[in-house]
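The structure appears below as structure tokens.
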Amino acid sequence: MRLRGSYGYVVYLLPLTFLALFYFYPLLAILDIGLRPDGWLDLSAFLRLLSTDYYLGVFLFTLYQATLSTALTLFLALPCAYVFSRYRFAGKSLLLSLATLPFVLPTVVVALAFMSLVGRRGLVNDLLMTLFSLDYTPVQLERTLAIVIIVHVFYNFAIALRIMTGYWSAQGIAAEEAARVLGADEWALWRDIRLPLIQPALLSAAALVFMFTFTSFGVVLILGGIRFATLEVQIYYQAISLFNLPMAGALSLLQIVAMFALMTAYTHLQRGLQSAIGAGKAVARPVKSPRERSLVWGVVIFIFALLFTPLLALVARSALNNGALDMSNYAALAESSRGSLLFIAPIEAVANSLRFALISTSMALIIGMIASFMIVGRGGLARLVDPLLMLPLATSAVTLGFGFIVALDEPPLNLRASWLIIPISHTLVAFPFVVRSVLPSLRAIPSSVREAAQVLGARPFDLLRTIDLPLVSRGIAVGATFAFTVSMGEFGASLFVAQRESVTIPVVIYRLIGDPGLASYRQALAMSVILLLVCALGFVMIERLRVAGVGEF
Amino acid sequence: MFTRSVLALLLLVLIVPAVFSQENDTVVVVTHDSFAASEIVLEAFEAHTGMTVEILRGGDAGTMVNQSILSVNNPLGDVLYGIDNTFLSRALDAEIFVAYQSPELQFVDESFVPGVDHLVTPIDYGDVCLNYDIAYFEDNEVDLPSSLADLTLAEYKGLLVVQNPATSSPGLAFLLATIAVFGDEEDYTFLDYWRDLRSNDVLVVDGWTEAYYGEFSAPGRDTGARPLVVSYASSPPAEVLFSENPEDGPFTGALVGDDMCFRQVEYAGVLVNARNPEGARQFVDFMLSPAFQEDLPLNMFVFPVREDILLPDIFAELAEIPAQPAALEPADIEANREDWIGAWSEVMLR
């Protein structure tokens with residue numbers, strides 16, 4: 001339908017080729033080694049998988065915690081997204097951008113930040129014990145399912161908030177106003193108007209959050225402790241600690257198949273939704289009544305409490321020494337103090353990270369946009385392709401990383417030790433974000449708009465430039481923001497492939513935080529703060545580019 | 001517009017790798033993320049041999065070993081450095097090394113050399129030992145534990161934090177120490193010991209960082225409350241060296257009594273099918289040379305295997321080396337790893 005003409009189908013080959021070369025080929029290669037070690041299919045790992053209660057338990061727990069995490073994330077993000085898309089207030093777009101920051105931080109850093117807040121001897125307990133003169137610690141979250149879910153919400157809140165806000169902001173409010181005039185109360189408005197309207201974006205966000213929490217690794221391992229294990233944790237244990245590739249392969253396959261089934265159901269659900277409301281005028285308006293003001297304040301305070309207090313705890317710990325401001329850890333980062341190789345100056349790591357993030361974001365945008373146009377088109381191909389595009393998110397990073405090692409080892413694809421494998425593995429995780437961010441808005445463009453334009457003589461390229469791109473610009477910006485973040489945070493398989501001198505910010509953090517000595521530790525925290533700052537700058541740039549590109553719509 | 005970007009991207013992907021062709025004036029070293037060496041030392045090697053050293057970081061030690069096994073027919077590099085005795089057997093079984101006997105081995109104590117076939121060469125070692133918070137034991141007038149068995153006594157209840165052996169290298173090393181000491185067949189097995197540790201409120205966390213910075217009570221950590229942690233014999237000097245007020249140290253100590261630590265020896269080996277085997281051998285020699293051996297402690301907090309090396313002052317002053325660490329055969333470790341960790345998990349979770 002879109003991108004019609006002779007070039008259209010050639011362009012569609014790009015996302016498919018990318019997936020085939022850098023996802024399916026490595027994945028099949030490593031599964032082949034694991035599941036067909038002697039040339040024929042060895043099902044013993046599957047039999048073990050099915051015959052022990054243990055793995056069933058792991059699977060059910062994985063499903064359970066992901067469902068809880070997703071539900072809670074959406075439940076909390078929904079009202080916030082509504083307020084963000086309906087009201088204009090100072091600092092709104094900055095706040096939206098900054099809400100994405102938690103996403104980029106390494107789990108080990110986040111875990112330490114949370115413990116300094118809500119741990120046994122954390123700030124919250126200190127405060128409560130002093131305030132109410134208690135002689136026990138009232139908040140006991142360490143190594144509980146609750147803290148796992150809370151940190152999942154911390155990480156994934158922005159996905160739900162931004163995707164829903166981006167979509168809602170481009171929707172008119174005519175239906176809502178009409179209903180209000182007809183006497184609908186707040187409850188009826190949510191049930192009959194708002195929820196049905198936001199459904200496509202809600203589902204999009206749910207799919208992403210579910211994927212992310214289903215494959216959760218560090219959060220469960222570090223904050224949950226040894227009592228909890230997800231499939232991803234088991235795959236890591238089998239693949240790295242035990243080098244049991246048949247079992248790791250069987251578990252990976254189970255994870256992928258489960259997610260594929262879920263995504264297929266989701267795709268069908270998503271396609272059934274017809275929600276072409278049309279672009280209204282700018283719907284966000286200034287706050288008028290005291291009630292609205294308290295709404296906005298409530299949301300802002302909530303976001304601060306959930307997302308920014310852990311970040312502030314991190315900043316404080318990196319810059320405070322015995323209660324006094326001490327920037328020496330930042331200064332120490334500027335020099336390669338030990339004169340040692342690979343202990344490089346952070347400025348170089350920042351440059352490397354930015355370079356990879358720029359390449360990954362561009363690749364993710366190009367591939368993600370083309371894929372979105374392909375999916376939105378009619379036909380059986382699109383229906384099949386949509387869930388396939390999400391599979392990289394459902395695939396264990398270890399498995400794919402080992403896949404790169406065994407598959408991409410010969411020219412012309414001798415990439416396994418080249419720096420290119422880093423942006424490629426980031427793109428695999430990043431482009432589904434672009435697709436899920438863009439798709440709801442793209443689907444919501446009524447065909448009458450483009451038909452009218454065609455009647456008036458618009459060529460396909462004009463349609464793209466004047467109708468599609470402006471209407472989905474928010475979605476593109478959201479997708480770009482996440483793609484950028486995914487790459488800055490080194491998501492995906494890149495940590496499991498061999499890297500040459502390309503030391504990135506997360507690698508420096510892991511390195512520093514693995515060394516004994518408080519100075520190393522505080523420098524790791526300082527480096528994490530630098531990561532946050534660089535990301536925040538990136539978000540501002542992306543937002544500017546969007547506004548400069550299409551104008552505020 | 002789209003088509004052009006597409007073609008450009010495809011070209012980029014296909015052409016750029018050609019730049020990374022291998023030549024014999026480069027030696028590629030596959031190693032783990034913790035690898036560090038002084039630039040000046042590596043430059044001296046490059047100047048001396050005329051070869052360029054390329055460092056390929058493959059993740060943690062286990063990841064790196066597994067990658068090298070998977071790529072045995074077309075190896076990632078020429079020489080692998082950083083495989084330790086807990087993973088050695090796995091690599092030897094997979095036959096990823098070719099034998100090489102470095103002339104520098106004459107300066108290395110024989111006890112470090114595994115077997116007689118010289119498939120790998122020992123480079124350095126580090127001991128996983130309990131670290132203690134000096135202030136706690138002084139202030140509370142508690143005696144330091146003098147054996148692993150002591151840790152089950154009432155006075156050490158709730159004091160110890162260890163790492164999960166399934167995912168953490170020091171965590172596994174400490175479990176192995178308990179297996180070496182208590183065995184798995186005697187009346188009181190290592191599992192009985194862990195049961196007692198559990199009743200004595202031992203805390204298990206995921207990794208070294210969470211234990212050392214999150215739970216250990218040494219100065220400067222605001223959340224840690226446990227004065228005993230599994231770490232390395234080299235941690236106390238590093239804790240002083242990288243402290244904000246070194247003159248106040250030492251803050252921590254290591255318990256290095258007999259059968260209280262587990263020794264991790266790191267090896268290097270020339271990879272099968274290496275493109276530059278001569279360069280690989282030269283690099284192994286270089287890693288045993290005084291220049292590299294002297295450089296080890298301050299870069300990676302490990303000790304040189306060469307006997308004739310002077311330790312840096314801070315290590316000479318504060319690092320204690322256990323005279324008799326607990327030991328297990330690499331082959332036993334590989335053969336039993338899954339069963340031991342599985343049995344341990346049962347005990348700790350039930």
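The values are calculated or read from the model by the stated rules, or taken from the named source; none is laboratory data. All figures in this text were calculated on a predicted structure; none of them were measured in a lab. Note that each Cβ is placed from the backbone with ideal geometry, even for glycine, and that neighbours are counted across all protein chains shown.
Every residue in the stretch A:72-102 that is among the aromatic types (Phe, Trp, Tyr) and either free of Cβ contacts under 8 Å to residues at least 24 places away in the same chain or within 12 Å of A:VAL540 (Cβ to Cβ) (or both), please.
Quick first cut of the stretch A:72-102, residues among the aromatic types (Phe, Trp, Tyr) only: A:75, A:82, A:84, A:87, A:89.
Matches in the stretch A:72-102: A:PHE75 only.
Quickly run through the stretch B:191-209 and pick out the residues that are crowded, with 18+ Cβ neighbours inside 10 Å and without any contact (Cβ under 8 Å) to a residue 24 or more places away in the chain.
Once the filter is applied, which keeps residues that are crowded, with 18+ Cβ neighbours inside 10 Å and without any contact (Cβ under 8 Å) to a residue 24 or more places away in the chain, the stretch B:191-209 yields only B:THR209.
Among the residues of the stretch B:81-101, is any more than 25 Å from A:PRO37 (Cα to Cα), more than 14 Å from chain A (Cβ to nearest Cβ), assigned to a strand (DSSP E or B) and modelled with pLDDT of 95 or more? So that I can check it myself, show each step before the final result.
So in the stretch B:81-101, the residues more than 25 Å from A:PRO37 (Cα to Cα) come out as B:81-82, B:84-85, B:99-101.
Okay, now just the ones that are also more than 14 Å from chain A (Cβ to nearest Cβ), so B:85, B:99-101.
Still in the list and also assigned to a strand (DSSP E or B): none.
No: zero hits.
Would you confirm whether any residue within the stretch A:223-242 is within 14 Å of chain B (Cβ to nearest Cβ), at pLDDT 90 or above, in contact with a Gly (Cβ under 8 Å, 6 or more places away or on another chain) and more than 30 Å from A:VAL83 (Cα to Cα)?
The answer is yes, given that some residue of the stretch A:223-242 is within 14 Å of chain B (Cβ to nearest Cβ), at pLDDT 90 or above, in contact with a Gly (Cβ under 8 Å, 6 or more places away or on another chain) and more than 30 Å from A:VAL83 (Cα to Cα).
Just checking, which of A:SER216, A:SER252 is buried (at least 24 other Cβ atoms within 10 Å of the Cβ), in contact (Cβ under 8 Å) with a residue 12 or more places away in the chain and not in a helix (DSSP H, G or I)?
Values: A:SER252 fails: not in a helix (DSSP H, G or I).
Sole residue among the options that is buried (at least 24 other Cβ atoms within 10 Å of the Cβ), in contact (Cβ under 8 Å) with a residue 12 or more places away in the chain and not in a helix (DSSP H, G or I): A:SER216.
Within the stretch A:509-524, restricting attention to residues that are farther than 18 Å from B:PHE251 by Cβ and facing chain B (nearest Cβ under 7 Å), which residue is surrounded by the most Cβ atoms within 10 Å (Cβ to Cβ)?
A:ILE513
Scan the stretch B:34-76 for residues that are in a loop (DSSP other than H, G, I, E, B) and facing another protein chain (nearest Cβ under 8 Å) and jot them down.
Step one: filter the stretch B:34-76 for residues in a loop (DSSP other than H, G, I, E, B), giving B:34-36, B:50-51, B:58-60, B:71-76.
Once the filter is applied, which keeps residues that are in a loop (DSSP other than H, G, I, E, B) and facing another protein chain (nearest Cβ under 8 Å), the stretch B:34-76 yields B:SER34, B:PHE35, B:ALA36, B:GLY58, B:GLY59, B:ASP60, B:SER71, B:ASN74, B:LEU76.
Residue under question is B:ALA218, and the condition is that it be more than 17 Å from the chain's Cα centre (by Cα), small (Gly, Ala, Ser) and within 7 Å of chain A (Cβ to nearest Cβ); does it hold?
Working: more than 17 Å from the chain's Cα centre (by Cα): yes; small (Gly, Ala, Ser): yes; within 7 Å of chain A (Cβ to nearest Cβ): no.
So B:ALA218 fails the test.
Conditions tested, residue by residue: (1) basic (Lys, Arg); (2) closer than 30 Å to B:LEU80 by Cβ.
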position: B:SER217; (1), (2): no, no
position: B:ARG226; (1), (2): yes, no
position: B:LEU255; (1), (2): no, no
position: B:MET260; (1), (2): no, no
position: B:ASP285; (1), (2): no, yes
position: B:GLN293; (1), (2): no, yes
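All but one of (1) among the β-branched types (Val, Ile, Thr); (2) over 21 Å from A:PHE356 (Cα atoms); (3) more than 14 Å from chain B (Cβ to nearest Cβ) hold for A:VAL429; which doesn't?
Unmet condition: (2).
For A:ARG180, state whether it is surrounded by fewer than 24 Cβ atoms within 10 Å (Cβ to Cβ), out of contact with any Gly (no Cβ under 6 Å at 6 or more places or on another chain), of a type outside the set (A, V, I, L, M, F, W, C) and not in a helix (DSSP H, G or I). Outline the logic, then answer.
Values: surrounded by fewer than 24 Cβ atoms within 10 Å (Cβ to Cβ): yes; out of contact with any Gly (no Cβ under 6 Å at 6 or more places or on another chain): yes; of a type outside the set (A, V, I, L, M, F, W, C): yes; not in a helix (DSSP H, G or I): no.
When the stated conditions are applied, A:ARG180 does not pass them.
In the set A:PHE461, A:PHE433, which member is at pLDDT below 85 and farther than 13 Å from A:PHE18 by Cβ?
Checking each option against the conditions leaves just A:PHE461.
For the stretch A:442-452, state whether one or more residues are hydroxyl-bearing (Ser, Thr, Tyr), part of a helix (DSSP H, G or I) and at pLDDT below 90. So that I can check it myself, show each step before the final result.
Taking the stretch A:442-452 as the starting set, the residues that turn out to be hydroxyl-bearing (Ser, Thr, Tyr) are A:447-448.
Narrowing further to those that are part of a helix (DSSP H, G or I): A:447-448.
In the following step, the residues that additionally are at pLDDT below 90 were identified as A:447-448.
Within the stretch A:442-452, one or more residues are hydroxyl-bearing (Ser, Thr, Tyr), part of a helix (DSSP H, G or I) and at pLDDT below 90.
Does A:PHE89 qualify as being in contact with a strand residue (DSSP E or B) (Cβ under 8 Å, 6 or more places away or on another chain) and surrounded by fewer than 18 Cβ atoms within 10 Å (Cβ to Cβ)? Don't jump to the end; show me each part of the working.
On the way: in contact with a strand residue (DSSP E or B) (Cβ under 8 Å, 6 or more places away or on another chain): yes; surrounded by fewer than 18 Cβ atoms within 10 Å (Cβ to Cβ): yes.
Spelling it out, A:PHE89 is indeed in contact with a strand residue (DSSP E or B) (Cβ under 8 Å, 6 or more places away or on another chain) and surrounded by fewer than 18 Cβ atoms within 10 Å (Cβ to Cβ).
Within 30 Å of B:GLY220 (Cβ to Cβ) and surrounded by 21 or more Cβ atoms within 10 Å (Cβ to Cβ), is that true of B:GLY126?
Values: within 30 Å of B:GLY220 (Cβ to Cβ): yes; surrounded by 21 or more Cβ atoms within 10 Å (Cβ to Cβ): yes.
Answer is yes for this residue.
Let's see how each residue does on (1) without any contact (Cβ under 8 Å) to a residue 40 or more places away in the chain; (2) not assigned by TED's automatic domain parsing to the domain that holds B:THR52:
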{"position": "B:GLU294", "(1), (2)": "yes, no"}
{"position": "B:PHE303", "(1), (2)": "no, no"}
{"position": "B:ILE309", "(1), (2)": "yes, no"}
{"position": "B:ASP339", "(1), (2)": "yes, yes"}
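I'd like to verify a number: residues in the stretch A:477-508 that are outside any loop (DSSP other than H, G, I, E, B), within 12 Å of another protein chain (Cβ to nearest Cβ) and at pLDDT below 90, how many? Working first, answer last.
To start, the set of residues in the stretch A:477-508 that are outside any loop (DSSP other than H, G, I, E, B) comprises A:477-488, A:492-496, A:499, A:505-508.
Restricting the remaining residues to those that are within 12 Å of another protein chain (Cβ to nearest Cβ) gives A:493-496, A:499, A:506-508.
Of the ones still in play, those that are also at pLDDT below 90 are A:493-496, A:499, A:507-508.
Residues that pass the stated criteria total 7.
Is there a residue being buried (at least 18 other Cβ atoms within 10 Å of the Cβ) and at pLDDT 90 or above anywhere in the stretch A:376-386?
Narrowing the stretch A:376-386 to residues buried (at least 18 other Cβ atoms within 10 Å of the Cβ): A:376, A:382, A:385-386.
Filter again for at pLDDT 90 or above, leaving none.
Looking through the stretch A:376-386, none of the residues is buried (at least 18 other Cβ atoms within 10 Å of the Cβ) and at pLDDT 90 or above.
I need a count of the residues in the stretch A:453-463 that are within 14 Å of chain B (Cβ to nearest Cβ) and assigned to a helix (DSSP H, G or I).
Within the stretch A:453-463, the subset within 14 Å of chain B (Cβ to nearest Cβ) is A:459-463.
Now narrow it down to the ones that are assigned to a helix (DSSP H, G or I): A:460-463.
Total satisfying the criteria: 4.
Restricting the search to the stretch A:411-422, which residues are free of Cβ contacts under 8 Å to residues at least 24 places away in the same chain and either within 19 Å of A:LEU19 (Cβ to Cβ) or more than 7 Å from chain B (Cβ to nearest Cβ) (or both)? I'd like the intermediate steps shown before the answer.
Just the residues of the stretch A:411-422 that are free of Cβ contacts under 8 Å to residues at least 24 places away in the same chain, to begin with: A:411-412, A:414-415, A:420.
Listed by number, the residues that qualify are A:PRO412, A:LEU415, A:LEU420.
What is the number of the single condition among (1) under 30 Å from B:GLN101 (Cα atoms); (2) over 23 Å from the mean Cα position of the chain (by Cα) that B:ASP248 does not meet?
Of (1) under 30 Å from B:GLN101 (Cα atoms); (2) over 23 Å from the mean Cα position of the chain (by Cα), only one is false for B:ASP248: (1).
With respect to the numbered conditions (1) closer than 25 Å to A:ALA313 by Cα; (2) in a helix (DSSP H, G or I), which one is the sole condition not fulfilled by A:ARG121?
(2) is the only condition that A:ARG121 fails.
Answer yes or no: is there a residue in the stretch B:222-231 that is in contact (Cβ under 8 Å) with a residue 12 or more places away in the chain, within 30 Å of B:VAL108 (Cα to Cα) and touching a helix residue (DSSP H, G or I) at 6+ places or on another chain (Cβ under 9 Å).
yes
Among (1) surrounded by 24 or more Cβ atoms within 10 Å (Cβ to Cβ); (2) at pLDDT 90 or above, there is one condition A:VAL534 misses while meeting the rest; what is its number?
(1)
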